[in-house]
Amino acid sequence: MTQIKPGSKIGILGGGQLGRMLAMAASQLGYRCHIFCPDVRSPAFHVAADFTIAEYGNEDALREFAESVDVATYEFENVPARTAEIVAQETILRPGAKALEVSQDRLVEKDFLNSCGVKTAPYKAFETQEQLDAAYKEIGRPSVAKTRRFGYDGKGQLMIKARKDIDGVMDVTKGAPSILEGFVNFDREISVVVARSASGDVAAFPVGENVHTNHILDTTTVPAQISEVIEAKAKVMATRIANALEYVGVMAVEMFVSDGSGEIVVNEIAPRVHNSGHWTIEGAATSQFEQHIRAICDLPLGPTEARGKVVMKNLLGKDILDFETYLSDPKAYYHHYGKQDPRDGRKMGHVTWVNTDE
Ligand code: AMP
């Protein structure tokens, strides 16, 4: 496997906070980063050696970007297939195209997960009203209708609690390929952030427990309130998925857990560093961002243990303006992503508390 030595250049597709924190971690290891993003106000530009402002369909700009770096990666899963193909022609792309293909489409993703022997909610694809009615007959309620592509933070989704809710589905999916998914009666949501290096070494971080508000991650707490058996089982599932994808880099696997039965159902995978792994920056022996850089550069993976009890909270919109509170708290680590406009619900930063119980 090709090792990319410290001092080399890393290309990152996407210029949001994930790209920014990746570039910061990379620079500690002596790498320089080149960020590619269409948005002139990308927060990752502030901390990178080079940047290109161009659309993901601009093939000349993509080729020039890819030729300028020793390895390329991405910070979002909706990288168009053609964009990934061009970059992979000119440089090493890690993770590869397979991870994108699987994670961009909920149907392909669920088929893939089941083929790995990992349980998902029951699901059925539909596009038309007729197919939806057939899917509803099979899946029943409560259930969730979701578009197969481009859904995030609850967008393109509708809960079916009563028979009449079916009537609203086509207004949400608008005839786009979709799935109807059985509702999972879970007790908690967890995620496993796992790294696999180019040489095939795998290391999972301790499992995080996630609480969402209005479909957006609010907090991640480590350790999760789960048994050792569930913790081990969740890590094995994530490792199996990473190996089956021949994945290179850090990925997150989101899961639902039922306390009584101990059953774990995988909701989705994110082929990138993940919001539920931000706690690792100060709360773990190695941060998920450094681990991703180590994995794609084929360096030894770092240790993953937690440094005590850790809580990460997202700072949305105007929450970011409370910096005096967090900066006066000796146990808090305040992160501002450098975004200018604190719109409601926008991820502006996060705060992490380490060892809150001691
Ligand atoms: P997703 O867009 O698939 O990540 O879903 C966003 C959130 O909706 C999840 O984190 C869950 O809280 C909830 N959710 C999604 N699908 C299901 C399901 N099948 N059963 C129960 N809750 C779900």
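The values are calculated or read from the model by the stated rules, or taken from the named source; none is laboratory data. These numbers come from a predicted model, not from an experiment. Every residue, glycine among them, receives a Cβ derived from its backbone with ideal geometry; neighbour counts consider all protein chains shown. To get the accessible areas, we keep the full protein, side chains included, count just its heavy atoms, and leave off ligands, DNA and RNA. Shrake-Rupley method; radii C 1.70, N 1.55, O 1.52, S 1.80 Å.
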Projected area, mean over directions - region 188-355, Cα convex hull, nm²
9.9 nm²
What is the pair-distance distribution P(r) of the chain, computed from all Cα-Cα distances in 20 Å bins starting at 0, with each bin given as a whole percent?
29, 59, 11
Averaged per residue, what accessible surface does region 188-355 expose to a 1.4 Å probe, in Å²?
38 Å²
Residue-normalised accessible area of region 122-182, given per residue in Å² at a 1.4 Å probe:
56 Å²
Of LYS110/LYS235; LYS137/LYS164; LYS161/LYS347; LYS9/LYS313; LYS318/LYS339; LYS119/LYS174, which sit over 20 Å apart, Cα to Cα?
LYS161/LYS347; LYS9/LYS313; LYS119/LYS174
Just to confirm, what accessible area per residue do you get for region 1-76 at 1.4 Å probe, in whole Å²?
43 Å²
Which order do peptides 256-264, 236-244 fall in by mean Cβ count within 10 Å, highest first?
236-244, 256-264
Long-range tail of P(r) for region 271-333 (Cα pairs > 20 Å, %)
38 percent
What nm value, rounded to one decimal, do you get for the distance between LYS119 and ASN78 when each label is placed 7 Å out toward the C-beta?
3.2 nm
Distance from region 246-325 to region 180-218 (C-alpha centre basis), Å:
8 Å
DSSP loop trypsin sites (Lys or Arg not before Pro) in region 132-181 with at most 16 other Cβ atoms within 10 Å of their Cβ, which ones?
ARG149, LYS155, LYS161, LYS174
What percent of all Cα-Cα pairs in region 122-182 falls in each 10 Å bin, counting up from 0?
27, 64, 9
Dipole of the chain, positive end: most advanced residue of GLY182, ALA232, CYS116 [Cβ charges, Cα centre]:
GLY182
Tell me, what % of the accessible area of the chain is carbon and sulfur with a 1.4 angstrom probe?
49 percent
When the helices in the chain are scored as -39500 (n - 2.57) per DSSP H run of 4 or longer and the sum is shared across all residues, what 222 nm value do you end up with, to the nearest 500 deg cm²/dmol?
-8000 deg cm²/dmol
Three-way shape label, region 2-61, alpha-carbon gyration tensor, a/c 1.5:
oblate
Unit Cα scatterers, Debye sum, region 1-130: log10 I(q)/I(0) for q = 0.21, 0.22 Å⁻¹:
-1.14, -1.21
